[in-house]
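Rule-based calculations on the coordinates, nothing more; no lab input. Just so it is clear, the model here is predicted, and its values are computed rather than measured. Cβ atoms come from the backbone with ideal geometry, glycine included; neighbour counts cover every protein chain shown.
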Amino acid sequence: MKKLLILGGGTAGTMMLNKLAPVLDKKEWQITLVDEYETHYYQPGFLFIPFEIYTRNDVIKPKKDFYPSGVEVIMSKIDMINPKSNEVKLANGKNLKYDYMIIATGCKIHPEETEGMKNGAWHKNIFDFYTIEGAVALAKFLKHWDGGKMVLNITEMPIKCPVAPLEFVFLADWWFTQQGIRDKVDIEYVTPLPGAFTKPVASKFLGEFLEKKNINLTSEFSIARVDSTENKIHSWDEKSIDYDLLVTIPTNMGAEVIGESGMGDDLNFVPTDPNTLQSKDYENIFVIGDVTDLPSSKAGSVAHFQADVLYENFLRAIEGRKLLPHFDGHANCFIESGFGKGILIDFNYDVEPLPGKFPLPGVGPFSLLEETRMNHWGKMTFRWVYWNLLLRGAELPIEAQMTMAGKQRQ
Ligand SMILES: Cc1cc2nc3c(=O)[nH]c(=O)nc-3n(C[C@H](O)[C@H](O)[C@H](O)COP(=O)(O)OP(=O)(O)OC[C@H]3O[C@@H](n4cnc5c(N)ncnc54)[C@H](O)[C@@H]3O)c2cc1C
């Protein structure tokens, strides 16, 4: 028997399992997936919890509901990977051998990386919304908050879902308006980037949006430390910003096991071929999702496009055929903009988000780089698509590669 080992059974690992299990001959292949937690979180839903649009129960399901029969699933922490001897050591004492491995261990926030962030004020007036605990604690806080200065701060790039912080402040503008306290709240968006977003056209568009919503943008602010007694954040170049409520996107890092196994960069992201998704260091290892070191967005939609390419390349690899350089960095992200509207961006490594219609040129129904009600419905439908199609590895009517059809060149 040949052995395929999948590390991590979140979004990307589950998709790969569901794609490969039906096509690999059960007489020849033993497939094993390892993950440490039983619960699957629909992470895009964390955004909506602070504003009481979703609750905890709206974003969780048991992971086992999404794993096909006939594969071995082990619930254990992965302690060490030894890529030279093709072995993985688990916290439950088991040692697993593999012929091929797919790494899909994602990334997590690390507030302790910033001095003062996790002092006594953590989840008192400093919150994240990138974890279920943070999102639920922030919902409780916002229910009783009667206003002041709210600062949203991105610690450093890369982060998962780079549009989520923008969505958060757009929704906060809507939420405080609904609560009748918008005039009592100052919202400041503080980012290390030179503008509202990573790519120039979208950055200009989204920057104007912040202005329209009376949200102050402070760019090129690289946070060095938090002073939670004075309620101030300080940058490395000695600028400081006051807050009453700090919503932080802390440093995002790949799983510790990647670093401890000597397989990652300084943020524990795995060096990955940007087009084939093969590990840069080991021919029998492939990498997918947030754990890659690629400049593509860390998003479920991106992992889905990667899964189409990796499926093809994995089958090629085991048949000794040449891998196809087909992953182009394609990302497709709905940006919830508040008041029942949304924006859509579609881009890849080379083409930045442009205006137009999606997926059908001239027809849509979604509009690119434009705020519409239809885009909001796209965002809200994504949860159903995620549980029922995406995780199950089903084909979606969107090509893995980005297309220029329907886009207007600038
Ligand atoms: C607030 C927020 C909003 C978002 N919004 C969107 C959105 O609108 N659209 C979108 O497309 N994406 C969005 N995302 C991003 C999306 O959720 C992620 O990109 C996606 O889940 C990545 O999948 P993954 O498989 O790489 O990682 P994950 O789904 O995080 O899976 C990693 C798995 O590895 C396991 N694991 C890690 N280390 C170990 C270990 N040592 N031992 C055992 N198991 C381990 C974990 O338990 C986990 O199950 C959002 C994310 C957040 C936080």
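The alpha-carbon of K298 sits under 20 angstrom from the alpha-carbons of these lysines, leaving out residues fewer than 8 places away in its chain: K108, K160, K199, K280, K379. Equivalent-ellipsoid semi-axes for the stretch 138-190 (Cα gyration tensor, √(5λ), whole Å, largest first): 22, 11, 10.
When both bridge partners sit in the chain, DSSP labels roughly 50% of those beta bridges antiparallel.
Sorting 282-292, 267-277 by their mean Cβ neighbour count within 10 Å, with the most densely packed peptide first, gives 282-292, 267-277. Over the chain, the Kirkwood radius and the radius of gyration, each from Cα atoms, give a ratio Rg/Rh of 0.97. Taking packing as the residue-averaged number of other Cβ atoms within 10 angstrom, the listed peptides 157-164, 381-388 run from highest to lowest as 157-164, 381-388.
Residues whose amide H lies under 5 Å from that of S337, counting only those 5 or more places away or on a different chain, are G342, I343; hydrogens are built 1.01 Å from N in the peptide plane. Overall, the anisotropy analysis places the stretch 273-410 in the prolate class: the square-rooted eigenvalues a ≥ b ≥ c of its C-alpha gyration tensor yield a/c not less than 1.5, with a/b exceeding b/c.
Residue ranges 103-110, 40-47 sort as 103-110, 40-47 when ordered by packing (mean number of other C-beta atoms within 10 Å per residue, highest first). Rounded to the nearest 20, the Cβ-based charge dipole of the chain about its Cα centre (Lys and Arg +1, Asp and Glu -1) stands at 1160 debye. Using Cα atoms only, what is the angle between the long axis of helix 373-385 and the major principal axis of the chain, expressed in degrees (0 to 90) to the nearest 10? The two axes meet at around 40 degrees.
Only Cα sites of the stretch 212-272 enter the Debye sum here, all with the same form factor; the resulting log10 I(q)/I(0) across q = 0.24 1/Å is -0.95, listed in q order. All Cα-Cα separations within the stretch 4-62 were binned at 5 Å from zero, giving a P(r) of 4, 16, 22, 16, 14, 12, 7, 5, 3, 1, 0, each value a whole percent of the pairs. Relative to the longest principal axis of the chain, what angle (0 to 90°, nearest 10) does the C-alpha long axis of helix 11-20 take? Approximately 30 degrees, to the nearest 10. Measuring between alpha carbons in the structure, the pairs from K19/K61; K118/K232; K149/K204; K2/K94; K118/K149; K27/K97 lying more than 22 angstrom apart are K149/K204. Rg and Dmax, both from the Cα atoms of the stretch 72-169 and both in Å, are 19.0, 58. Rounded to the nearest 10 degrees, the angle from helix 300-318 to the longest Cα principal axis of the chain is 10 degrees.
Coupling constants for the stretch 173-185 follow from the phi torsions by the Karplus curve (6.51 cos²θ - 1.76 cosθ + 1.60, θ = phi - 60°), and in residue order they are 4, 5, 4, 5, 5, 4, 6, x, 10, 4, 6, 9, 10 Hz; glycine and proline get x.
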